[in-house]
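Undergrad: Supplied in structure tokens, the structure appears directly below.
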Number of protein chains: 2
Amino acid sequence: MTIRDLEVIDLRFPTSRTHAGTDAVHTDPDYSAAYVILCTDAALEGHGLTFTIGRGTEVVAAAIEAFQHLVVGQRLADITADFSGFWRRLASESQLRWLGPEKGVIHLALAAIVNAIWDLWAKAERKPVWKLLADLPPCELVSCVDFRYLTDVMTPEEAIDLLERQQRTKAERESELLRAGYPAYTTSAGWMGYSDDGVRSLCRQALADGWTRFKVKVGGRPDDDRRRVALVRNEIGSTSTLMIDANQRWEVGEAIERVTELAEFRPWWIEEPTSPDDVLGHAAIAKAVRPLGIGVATGEHAANRIVFKQLLQASAIDFCQIDSCRVGGVNENLAVMLMAAKFGVPICPHAGGVGLCEYVQHLSMFDFIALSGTMDRRVIEYVDHLHEHFEDPVVVRRGRYSPPMKPGYSITIRESSRIAHRYPDGKVWA
Amino acid sequence: MTIRDLEVIDLRFPTSRTHAGTDAVHTDPDYSAAYVILCTDAALEGHGLTFTIGRGTEVVAAAIEAFQHLVVGQRLADITADFSGFWRRLASESQLRWLGPEKGVIHLALAAIVNAIWDLWAKAERKPVWKLLADLPPCELVSCVDFRYLTDVMTPEEAIDLLERQQRTKAERESELLRAGYPAYTTSAGWMGYSDDGVRSLCRQALADGWTRFKVKVGGRPDDDRRRVALVRNEIGSTSTLMIDANQRWEVGEAIERVTELAEFRPWWIEEPTSPDDVLGHAAIAKAVRPLGIGVATGEHAANRIVFKQLLQASAIDFCQIDSCRVGGVNENLAVMLMAAKFGVPICPHAGGVGLCEYVQHLSMFDFIALSGTMDRRVIEYVDHLHEHFEDPVVVRRGRYSPPMKPGYSITIRESSRIAHRYPDGKVWA
């Protein structure tokens with residue numbers, strides 16, 4: 001099977017009209033995607049996307065097109081036979097790498113393409129991506145990973161060893177996953193732009209639906225934060241789990257003060273307390289708030305595996321929030337998950353947006369079956385919007401994700417939605 | 001004066017045809033620029049560019065256009081009256097920031113625009129940028145800087161204090177600069193793609209021209225590196241200064257081994273030994289090679305002030321290599337220079353490329369007059385190509401930069417060159 005064409009679509013959803021997705025920093029997101037379709041000479045297409053929040057999606061689309069010459073004309077079998085080699089040819093393209101390297105627009109673009117290839121590969125193998133990953137022999141799986149800049153913390157041999165340890169017991173965990181699903185938490189009740197009454201009724205609805213873990217946005221005025229966090233803790237009761245998320249709003253010292261002030265509401269974690277680039281800042285915050293029983297979570301804006309390496313080395317995080325398209329797709333997330341497993345830090349993926357829930361469920365499920373071997377202290381984020389646009393949307397029941405069973409990466413957006421939301425000429429925008 | 005239009009041009013120079021600019025990672029650069037012209041309702045234009053190396057320049061151009069709505073229609077006086085506010089509105093635009101934040105394509109684009117505003121401001125004040133900066137009262141200068149995410153290391157008050165200390169003696173240093181120029185080193189003799197004979201004759205020519213500081217590219221095969229470094233040390237003699245540059249080629253442990261093997265040739269610094277994102281890796285390398293008398297230099301690919309903050313906090317660098325357009329233009333470089341001054345780490349800017357020499361001379365000269373107050377252990381990189389395309393090219397004599405005297409940021413490319421090198425339709429590419 002040969003990739004014959006790479007099509008890019010700028011898709012935008014007008015979410016800012018309802019304040020869904022609002023936080024202390026992103027005040028008016030229009031959830032969007034730079035969407036890739038790999039056309040082949042067979043009956044299969046590979047679909048992938050990278051998530052954006054409105055303006056600038058066209059810039060990512062232009063970056064995807066800049067990679068076209070390295071993708072079109074390639075045989076799927078050649079790519080998967082040396083997937084880390086293919087990945088490095090894109091990530092280290094001798095001229096394009098100047099625009100990163102391996103960060104920002106150029107890396108978001110790479111992620112959309114790489115994820116589309118995983119979708120194609122999984123469809124060719126007639127498996128969902130989680131199952132494809134879990135079934136790969138350890139040395140084949142590890143051969144998908146570019147270990148460049150990681151070998152001071154992890155070598156391919158160590159990675160194989162970590163995976164080998166779980167091989168014998170994989171089948172049991174796969175059965176458990178199919179039976180019980182994977183634990184989730186909801187962010188849908190606590191967006192920044194929602195009124196107190198709105199948050200209150202969403203909490204009650206979520207409790208009725210079986211949710212036991214809730215995340216609230218903070219990073220506003222201290223008294224507003226306090227009122228909202230108190231409100232949610234009061235609604236969900238003392239046995240439910242509460243997380244708070246500042247979306248990079250604070251200085252290092254300010255984060256320590258503000259989290260300390262909210263400690264009485266017993267947040268399980270503080271997410272993105274400060275700049276996502278500040279490894280040492282996160283380490284300082286974690287050191288200060290751990291004695292209060294609060295962990296530090298970050299990663300949705302960590303640019304690449306090298307930033308994650310340092311977050312782990314510096315004991316800066318208690319929860320590792322991989323994002324399916326911020327780093328370079330499945331391959332680089334495997335690198336991050338392998339390092340997190342070595343350090344014993346749980347993977348709790350970032351989701352929401354457009355298709356992030358659909359994507360990351362595969363990664364957490366692979367992690368459970370074949371790498372960490374546990375769901376303990378591990379949860380997948382869930383946000384309840386835009387799923388209706390997907391052909392194979394996530395299934396979440398009583399606060400748990402059910403494993404997707406269709407072949408591929410669950411990321412295909414319905415053709416009718418692709419036409420209606422195309423920017424700027426789709427009917428939603430015209 | 002009001003900005004009426006923002007024009008973007010994709011300019012590329014076919015430098016890969018001569019192997020100029022080649023290193024261990026960038027094997028075929030076509031030095032390029034996403035070029036910005038701010039048109040005003042007065043007689044003045046502001047020019048700025050961000051440096052790229054060929055493919056992908058169109059992506060940066062698209063990102064510059066995405067900022068247009070925040071620039072066109074603004075009054076220069078309103079921008080400069082609250083320059084950090086203007087800067088933050090661009091760097092933290094609520095939807096565009098998702099593409100970074102503050103890194104990669106979107107930040108390179110911001111730099112081109114911000115630098116064009118400095119060019120315009122300096123022209124309006126009829127001063128070169130170095131003089132505009134050096135003459136600004138400390139509190140006005142500091143008001144140009146966004147201290148977000150820096151306050152654990154530096155506050156505006158501390159920054160003002162650092163500048164105040166140098167105020168009284170500025171005039172003396174300005175005279176010294178005008179008389180003696182600013183020390184430079186040359187990279188032009190040691191590109192990776194050059195033959196040994198080529199390197200040898202370039203070294204001899206440079207010595208004859210008065211150069212005493214030379215940089216050589218490493219990161220190839222160990223025996224090739226050794227032969228080339230030995231050759232240059234032999235040519236330039238024991239009293240000249242030699243630097244080596246691996247352009248991010250190595251793993252952390254590998255860098256320590258390889259630099260140790262080259263220690264006998266007494267390099268003053270090892271530049272970019274590993275990933276530019278690896279603060280802790282650079283700290284480990286610096287700790288290992290400092291006892292050999294070798295410093296660590298990096299920064300041309302450090303994404304923003306937060307990465308520089310950590311490089312300084314972690315004692316990871318001995319030389320701080322700011323780049324005029326990798327971070328968000330003059331304003332963010334002021335933040336980096338202020339922090340470096342606090343830590344006593346010398347500023348040795350990255351230059352070469354297209355227009356980087358023209359740009360960075362202004363920053364080093366300001367640093368000398370008004371901030372660090374010294375040229376000790378400080379040098380500006382010099383690369384001898386593409387200057388003929390500039391209206392006000394750098395003047396380098398006997399290994400020293402002469403201060404530019406024309407108003408602006410010295411970055412205006414001749415109109416004939418802009419027409420000939422426009423990609424893909426200029427005559428050089430057609």
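Undergrad: So, in the range B:221-254, of the ones that are within 14 Å of chain A (Cβ to nearest Cβ) and of a type in the set (A, V, I, L, M, F, W, C), which residue ends up nearest to the chain's Cα centre (by Cα)? Outline the logic, then answer.
TA: Looking only at the range B:221-254, we keep the residues that are within 14 Å of chain A (Cβ to nearest Cβ), and these are B:246-254.
After this cut, where a residue has to be of a type in the set (A, V, I, L, M, F, W, C) as well, the list is B:246, B:250, B:252.
Numbers: B:246: 17, B:250: 22, B:252: 24 Å.
The residue in question is B:246.
Undergrad: In addition: Checking the structure you have, find out if any residue of the range B:319-326 is assigned to a loop (DSSP other than H, G, I, E, B), within 17 Å of the chain's Cα centre (by Cα) and facing chain A (nearest Cβ under 10 Å).
TA: Within the range B:319-326, one or more residues are assigned to a loop (DSSP other than H, G, I, E, B), within 17 Å of the chain's Cα centre (by Cα) and facing chain A (nearest Cβ under 10 Å).
Undergrad: Quickly run through the range B:263-287 and pick out the residues that are of a type in the set (Asp, Glu) and open to solvent by less than 10 Å² (accessible area, probe 1.4 Å).
TA: Taking the range B:263-287 as the starting set, the residues that turn out to be of a type in the set (Asp, Glu) are B:264, B:271-272, B:277-278.
Result: B:271, B:272, B:278.
Undergrad: I would also like to ask the following. I'm checking my understanding of the structure. Among residues of the range B:217-236 that are in contact (Cβ under 8 Å) with a residue 24 or more places away in the chain and assigned to a loop (DSSP other than H, G, I, E, B), which one is most open to solvent (accessible area, probe 1.4 Å)? Before you say what the answer is, go through the steps one by one.
TA: Pass one, the range B:217-236, residues in contact (Cβ under 8 Å) with a residue 24 or more places away in the chain: B:217-220, B:222, B:225-233, B:235-236.
Checking which are assigned to a loop (DSSP other than H, G, I, E, B) leaves us with B:218-220.
Values: B:218: 0, B:219: 8, B:220: 23 Å².
The residue in question is B:220.
Undergrad: Being open to solvent by less than 10 Å² (accessible area, probe 1.4 Å) and not in a helix (DSSP H, G or I) is the filter here, so list the residues in the range B:354-403 that pass it.
TA: B:354, B:355, B:379, B:380, B:381, B:383, B:390, B:399, B:401
Undergrad: Continuing with the same structure: Would you pick out the residues in the range B:286-310 that are more than 7 Å from chain A (Cβ to nearest Cβ) and part of a loop (DSSP other than H, G, I, E, B)?
TA: Within the range B:286-310, B:293, B:294, B:299, B:300, B:302 qualify.
Undergrad: Being modelled with pLDDT of 95 or more, β-branched (Val, Ile, Thr) and not in a helix (DSSP H, G or I), is that true of even one residue in the range B:252-265?
TA: no
Undergrad: Do we find that residue A:196 is surrounded by fewer than 13 Cβ atoms within 10 Å (Cβ to Cβ), over 22 Å from residue A:358 (Cα atoms), free of Cβ contacts under 8 Å to residues at least 12 places away in the same chain and over 25 Å from the mean Cα position of the chain (by Cα) in this structure?
TA: The answer is no for residue A:196.
Undergrad: In the range A:25-49, how many are within 11 Å of chain B (Cβ to nearest Cβ) and without any contact (Cβ under 8 Å) to a residue 60 or more places away in the chain?
TA: 3
Undergrad: So the check is Cβ under 8 Å with 6+ separation or different chains; which pairs have a first residue in the range A:7-21 that's in contact (Cβ under 8 Å) with a residue 24 or more places away in the chain and under 30 Å from residue A:65 (Cβ atoms) and a second one that's open to solvent by 40 Å² or more (accessible area, probe 1.4 Å) and part of a strand (DSSP E or B)?
TA: A:9/A:422; A:10/A:422; A:11/A:422
Undergrad: Pick from B:54, B:46: which is farther than 18 Å from residue B:129 by Cβ and touching an Asp or Glu at 6+ places or on another chain (Cβ under 6 Å)?
TA: Step by step, each of B:54, B:46 is checked, and only B:54 is farther than 18 Å from residue B:129 by Cβ and touching an Asp or Glu at 6+ places or on another chain (Cβ under 6 Å).
Undergrad: How many of the residues in the range A:58-73 are more than 9 Å from every other protein chain (Cβ to nearest Cβ) and either crowded, with 22+ Cβ neighbours inside 10 Å or touching a strand residue (DSSP E or B) at 6+ places or on another chain (Cβ under 9 Å) (or both)?
TA: The qualifying residues number 6.
Undergrad: Could you list, in sequence order, all residues of the range B:2-24 that are in contact with a helix residue (DSSP H, G or I) (Cβ under 7 Å, 6 or more places away or on another chain) and either surrounded by fewer than 19 Cβ atoms within 10 Å (Cβ to Cβ) or within 14 Å of another protein chain (Cβ to nearest Cβ) (or both)?
TA: Correct list: B:8, B:10, B:12, B:13, B:21.
Undergrad: Okay, next question. Return yes or no: is residue B:330 of a type outside the set (S, T, N, Q), crowded, with 24+ Cβ neighbours inside 10 Å, away from chain A (no Cβ under 14 Å) and not in a strand (DSSP E or B)?
TA: yes
Undergrad: Hey, residue B:201 hits all of (1) closer than 30 Å to residue B:17 by Cβ; (2) without any contact (Cβ under 8 Å) to a residue 12 or more places away in the chain; (3) open to solvent by less than 60 Å² (accessible area, probe 1.4 Å); (4) not acidic (Asp, Glu) but one; which does it fall short on?
TA: (3)
Undergrad: May I pose another question? Look at the range A:89-142 and say how many of its residues are charged (D, E, K, R) and either buried (at least 21 other Cβ atoms within 10 Å of the Cβ) or under 20 Å from the mean Cα position of the chain (by Cα) (or both).
TA: Looking only at that region, the number is 6.
Undergrad: Now for a different question. Being closer than 24 Å to residue B:14 by Cα and either among the aliphatic types (A, V, I, L, M) or at pLDDT below 95 (or both) is the filter here, so list the residues in the range B:397-430 that pass it. Steps first, please.
TA: The first filter runs over the range B:397-430 and keeps only residues closer than 24 Å to residue B:14 by Cα, leaving B:410-430.
Answer for the range B:397-430, where residues must be closer than 24 Å to residue B:14 by Cα and either among the aliphatic types (A, V, I, L, M) or at pLDDT below 95 (or both): B:411, B:413, B:419, B:420, B:428, B:430.
Undergrad: Mind counting the residues in the range A:255-285 that are within 20 Å of residue A:313 (Cβ to Cβ) and within 14 Å of chain B (Cβ to nearest Cβ)?
TA: So the count comes out to 14.
Undergrad: Taking the range B:150-180, which residues are in a loop (DSSP other than H, G, I, E, B) and buried (at least 21 other Cβ atoms within 10 Å of the Cβ)?
TA: B:150, B:153, B:154
Undergrad: What single numbered condition from (1) more than 14 Å from chain A (Cβ to nearest Cβ); (2) open to solvent by 30 Å² or more (accessible area, probe 1.4 Å); (3) within 23 Å of residue B:337 (Cα to Cα); (4) not aromatic (Phe, Trp, Tyr) fails to hold for residue B:313?
TA: (1) is the only condition that residue B:313 fails.
Undergrad: What single numbered condition from (1) on the phi > 0 side of the Ramachandran plot; (2) outside any loop (DSSP other than H, G, I, E, B) fails to hold for residue A:247?
TA: (2)
Undergrad: Determine, yes or no, whether residue A:298 is within 12 Å of the chain's Cα centre (by Cα), at pLDDT 95 or above, open to solvent by less than 10 Å² (accessible area, probe 1.4 Å) and under 20 Å from residue A:104 (Cβ atoms).
TA: Answer is yes for this residue.
Undergrad: Same structure, new question: Out of (1) within 14 Å of another protein chain (Cβ to nearest Cβ); (2) crowded, with 24+ Cβ neighbours inside 10 Å; (3) within 16 Å of residue B:336 (Cα to Cα), the odd one out for residue B:145 is which?
TA: Evaluating residue B:145 over (1) within 14 Å of another protein chain (Cβ to nearest Cβ); (2) crowded, with 24+ Cβ neighbours inside 10 Å; (3) within 16 Å of residue B:336 (Cα to Cα) leaves (1) as the failure.
The values are calculated or read from the model by the stated rules, or taken from the named source; none is laboratory data. A quick note: this is a predicted structure, and the numbers were derived from the prediction, not measured. Here the Cβ is made from the backbone with ideal geometry for all residues, glycine too, and neighbour counts use every protein chain on show. With ligands, DNA and RNA removed, areas are computed over all heavy atoms of the protein, side chains included. Shrake-Rupley method; radii C 1.70, N 1.55, O 1.52, S 1.80 Å.
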